[in-house]
Amino acid sequence: MDFAEFYSASRDDCLRAVLASVGNLDTAQEVVDEAFARAWVAWRKVSAHPAPQAWVVRTALTAGVSAWRRRRRELPLGAGWESVHPDPASGAGRDEPVDAEAMAALLRLPVRQRQVVALRIFLDLDTNRVADILGIAPGTVTAHLARAMAALRGEFAPLRQRETS
């Protein structure tokens, strides 16, 4: 597979995975684009990687952390959370890759749980691959996923009960 085919087949999945982790569509698009640019430059290495999509997502998440650190240093003291992390539901009318309610629920999870959900659910990577990407033990991946899914079920169960009654 050449890079153009990989990009076409993978971009949306990678964007959804990163969006679930960072919580902001503009930031996710920016870091995913940066990661794909890096993948293009290192395509020989990336194409030989056992999970090229995971390479892109991990690169995007790393780029996102670097960008966040740069922005954090640039913000004046007293700047509110909203100036850095706008409300995910504020993109009304946009074609959002993840449902606004689901994104809001994901954002309430701790960062590591969001990352595990993004890699396991959105990219459908196995537990060992997620563990390798995040640099944690497979059992820790399983524990984070279980906690995240329990929290998400807890948030959406009342909605389902209201819909059925």
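Looking across the range 88-120 at every residue that is at pLDDT below 80 and surrounded by 13 or more Cβ atoms within 10 Å (Cβ to Cβ), the one that is farthest from the chain's Cα centre (by Cα) is identified as GLY91.
Filtered by the rule that a residue be touching a residue at least 12 places away in the same chain (Cβ under 8 Å) and among the β-branched types (Val, Ile, Thr), the range 138-151 gives VAL141, THR142.
Please name all residue pairs, on different chains or six or more residues apart, with Cβ atoms under 9 Å, provided the first residue is in the range 17-35 and is over 14 Å from ARG108 (Cα atoms) and the second residue is at pLDDT below 90 and aromatic (Phe, Trp, Tyr). That search, which allows pairs on different chains as well, returns ALA17/PHE122; VAL18/PHE122; THR27/TRP68. Pairs meeting the criteria (first residue in the range 4-15 and more than 23 Å from VAL117 (Cα to Cα), second residue modelled with pLDDT of 95 or more and of a type outside the set (Ser, Thr, Tyr), beta carbons under 9 Å, at least 6 apart or on different chains) are lacking.
Looking at (1) surrounded by fewer than 18 Cβ atoms within 10 Å (Cβ to Cβ); (2) closer than 14 Å to TRP55 by Cα, which one does LEU123 not meet, given that it meets all the others? Among (1) surrounded by fewer than 18 Cβ atoms within 10 Å (Cβ to Cβ); (2) closer than 14 Å to TRP55 by Cα, LEU123 violates only (1). Can you spot a residue in the range 66-86 that is of a type in the set (A, V, I, L, M, F, W, C), in a helix (DSSP H, G or I), at pLDDT 85 or above and under 25 Å from TYR7 (Cα atoms)? There is no residue in the range 66-86 that is of a type in the set (A, V, I, L, M, F, W, C), in a helix (DSSP H, G or I), at pLDDT 85 or above and under 25 Å from TYR7 (Cα atoms).
Of all residue pairs spaced 6 or more apart or on separate chains, those with beta-carbon atoms under 6 Å, a first member in the range 113-137 that is under 20 Å from SER10 (Cα atoms) and a second member that is in a loop (DSSP other than H, G, I, E, B) and not charged (D, E, K, R) are LEU119/LEU125; ARG129/ALA51.
The values are calculated or read from the model by the stated rules, or taken from the named source; none is laboratory data. For clarity, every value in this text was computed on a predicted model and none was experimentally measured. A quick note on method: Cβ atoms are made from the backbone with ideal geometry, for glycine too, and the neighbour counts reach across all protein chains shown.
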